[in-house]
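Enquirer: Take this structure first; my questions come after.
The values are calculated or read from the model by the stated rules, or taken from the named source; none is laboratory data. All figures in this text were calculated on a predicted structure; none of them were measured in a lab. All Cβ positions, glycine included, derive from the backbone under ideal geometry; neighbour counts span all protein chains shown.
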Amino acid sequence: MTGNKSVVVIGGGVAGIQASLDLAEQDFKVYLVEKNPSIGGRMAQLDKTFPTNDCSMCILAPKMLECFGHEKITVLSYSEVNEVSGEKGDFTVTVRRKPRYVDEEKCTGCGACVDACLLKDRFPDEFDMGLRNRGAAYLSFVQAVPKVAVIDPEQCIFITKGKCGKAPACKEACERDAIDFDQKQEEVELHVGAIIVATGLEVYEPYDIEEYGYGRIANVIIGLQYERMINAGGPTGGHLIRLSDGKPAKRLAFILCVGSRDLKRYPYCSSVCCMYATKSGILAREHEEDVESFVFYTDLRAFGRGFQEYIERGMEEYGINYIRAKPGKITETENKSPVIWYEDTLTGELKRMEVDLVILATALVPSKGVEELAKALGVELDEYGFFKAKDPLCAPVDTSREGIFVCGFAQCPKDISDSVAQASGAAGRAGEVVSFVSLK
């Protein structure tokens, strides 16, 4: 058997980045494969982290830059794993690299093509959860790594129709001549000794829960939209507003377990919702002293270090009101204010509450495409679509196939600190495998 002291890490969120850095510091070659144009994952969209309220990007950005600049790490962004063959110590991984239509070597991320795009501000921005628009040419976000523009092949009229005015405005605006419409999809073959899966999560959007009015009632949003709204670099500049009229939102309601712990949808607990609702209420009061926050909960699962104290702090110092109830319906008044109808389970009373903004703490689910990836890797998923651990207690980062490991939310719901800890564990296991095989 030929030894191979290199590892593929699939997923460039905080878990994938941490695993890559740990391996690189052990002198292993790492290929970090990320399907989006930038690494950073969901953590890049957050404003603060609980229970310390530290700036999310202040923690993440240095890791992103260190990862991208490390001599032992090759970042393959805008790429996906297509096929895996071989065995522990000798895998062949085929990676499909999607065309950006922008030369990564030439692009400086200046944004000239973004400003020049004839379709600027026409399409919902995925990073800002649809609260802001982007063009066909865009940068993922301000701190994107690599900071390279990308042209959306489904929206760019030059790609779809073969013509964009007299000449593509983005190409004319680029002084570095980085726009390249001749780029094609390509495949890269990597030979590695181990694989780590860190594919992260998606956010469930509850359009099918009609009684809550998401997508129909303007002032009903989901948790990640709130994160973008309260972020100073977000679409509202950090101001909490009613989307219906742009007025300040002074009364906020957070509804927990929307879609999760639901036998019709996602039966499991998403692990972080109780805490990020508390964090959101704290941040709201820090932004505006007269904001009121109400958290509707089934039961509070504050199981981490300092979590219970964090909830108590939210109640005592920031005036967060916790209401044990499962709202049955959300309607709206003539002025578009949401009205929550609920039964107070402590008193048995039917009540209504009018607020300015409702934030749904929705289920967090496995990343899109995990079924295809699991099939390519030859590993098992559990009943909920997460990558199945060989043994949750004795081998929590090992999958059903030797030499392939998993960490972070890809394995089961968990918060950032647990994801990072597990990433280091997965890196340690992968390092063991490639070191042992190399010795043989």
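Enquirer: Enumerate the pairs (first residue in the range 179-205 and touching a residue at least 12 places away in the same chain (Cβ under 8 Å) and on the phi < 0 side of the Ramachandran plot; second residue anywhere and of a type in the set (Asp, Glu) and not in a strand (DSSP E or B)) with beta-carbon separation below 7 Å, excluding pairs fewer than 6 apart on the same chain, so at least 6 apart or on different chains.
Expert: From the range 179-205, the pairs are 180/103.
Enquirer: To continue, here is another question. Can you name every residue in the range 145-170 that is among the β-branched types (Val, Ile, Thr), in contact with a helix residue (DSSP H, G or I) (Cβ under 8 Å, 6 or more places away or on another chain) and more than 15 Å from residue 125 (Cα to Cα)?
Expert: Correct list: 145 only.
Enquirer: A further question follows. For residue 208, are the conditions met, namely being over 26 Å from residue 11 (Cβ atoms) and among the charged types (D, E, K, R)?
Expert: yes
Enquirer: Let me ask something else. Of the conditions (1) out of contact with any helix residue (DSSP H, G or I) (no Cβ under 9 Å at 6 or more places or on another chain); (2) surrounded by 21 or more Cβ atoms within 10 Å (Cβ to Cβ), residue 416 fails just one. Which one is it?
Expert: (1)
Conditions (1) assigned to a helix (DSSP H, G or I); (2) exposed (fewer than 15 other Cβ atoms within 10 Å of the Cβ); (3) modelled with pLDDT of 95 or more; (4) among the hydroxyl-bearing types (Ser, Thr, Tyr), marked per residue:
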| position | (1), (2), (3), (4) |
| --- | --- |
| 342 | no, no, yes, yes |
| 352 | no, yes, yes, no |
| 373 | yes, no, yes, no |
| 400 | no, no, yes, yes |
| 424 | yes, no, yes, yes |
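Enquirer: If you don't mind, another one. Look through 20, 38 and report the one residue that is outside any helix (DSSP H, G or I) and outside the structural domain of residue 145 (by TED's automatic domain parsing).
Expert: Exactly one residue qualifies, and that residue is 38.
Enquirer: Could you list, ordered by first residue, the pairs with Cβ atoms under 7 Å in which the first is in the range 83-109 and over 21 Å from residue 11 (Cα atoms) and the second is part of a loop (DSSP other than H, G, I, E, B) and of a type in the set (Lys, Arg), at least 6 apart or interchain?
Expert: 106/176; 107/176; 108/176; 109/147
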